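The values are calculated or read from the model by the stated rules, or taken from the named source; none is laboratory data. If you're wondering where the values come from, they're calculated on a predicted model, not measured in any experiment. Here Cβ is always computed from backbone atoms with ideal geometry, including for glycine, and neighbour counts include all displayed protein chains.
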Amino acid sequence: MKRRTGAVTVLSLLCLLVTGSVAWGFSQADLDRLMRGWGCPGCDLSGVDLTAYRMIEFDFRGTNFSSAKLYGMDLRGSDLTGANLSHANLTVAKLNGANLSGADLSGANLSMAYWTNGRRCKYGSIGYCRQ
């Protein structure tokens, strides 16, 4: 009886992990839309890996980038008004001239990122840019 219960528990956890990752991951259709154009306003790109992509002057108004890997991404001049960047990795990202009005940066790693004013954020810049 114990053996069967353990197998059921493992199977249940696997099902939860698989369905959970699909339910809370980025939208493939939104990612495809982003790759075809100059932005993706209102898209769900949560958890996506866009490390070192160059997306200068793109429209990301209201886009969900929560927990996304944006390390070294070039977002100069992009409109991130109202974007959700919570817990995103923006280490060494270029945000020079980007519009971050109303953007959620809670928990975002901005260490060594180039801030909107062109100055670098210090190491340990989590949720805001320490200069």
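Being touching a residue at least 40 places away in the same chain (Cβ under 8 Å) and at negative phi is true for just one of A83, A68. Which residue is that? First the steps, then the outcome.
On the way: A83 fails: touching a residue at least 40 places away in the same chain (Cβ under 8 Å).
None of the other options fit; the residue is A68.
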Do the conditions hold for S66, that is, is it under 10 Å from the mean Cα position of the chain (by Cα) and either modelled with pLDDT of 95 or more or not in a loop (DSSP other than H, G, I, E, B) (or both)?
yes
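Has region 63-80 got any residue that is touching a Pro at 6+ places or on another chain (Cβ under 9 Å) and within 19 Å of G25 (Cα to Cα)?
We begin by selecting, within region 63-80, every residue touching a Pro at 6+ places or on another chain (Cβ under 9 Å); these are 63, 79.
This time we only want the ones that are within 19 Å of G25 (Cα to Cα), so: 63.
Yes, some residue in region 63-80 is touching a Pro at 6+ places or on another chain (Cβ under 9 Å) and within 19 Å of G25 (Cα to Cα).
So that you can scan it fast, the table gives a plain yes or no per residue for (1) of a type in the set (A, V, I, L, M); (2) surrounded by fewer than 20 Cβ atoms within 10 Å (Cβ to Cβ):
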site: L80; (1), (2): yes, no
site: A83; (1), (2): yes, no
site: N89; (1), (2): no, no
site: L95; (1), (2): yes, no
site: L100; (1), (2): yes, yes
site: L105; (1), (2): yes, no
site: A108; (1), (2): yes, no
site: A113; (1), (2): yes, no
site: R130; (1), (2): no, yes
Check on G47, at pLDDT 95 or above, assigned to a loop (DSSP other than H, G, I, E, B), surrounded by fewer than 18 Cβ atoms within 10 Å (Cβ to Cβ) and not hydroxyl-bearing (S, T, Y):
yes
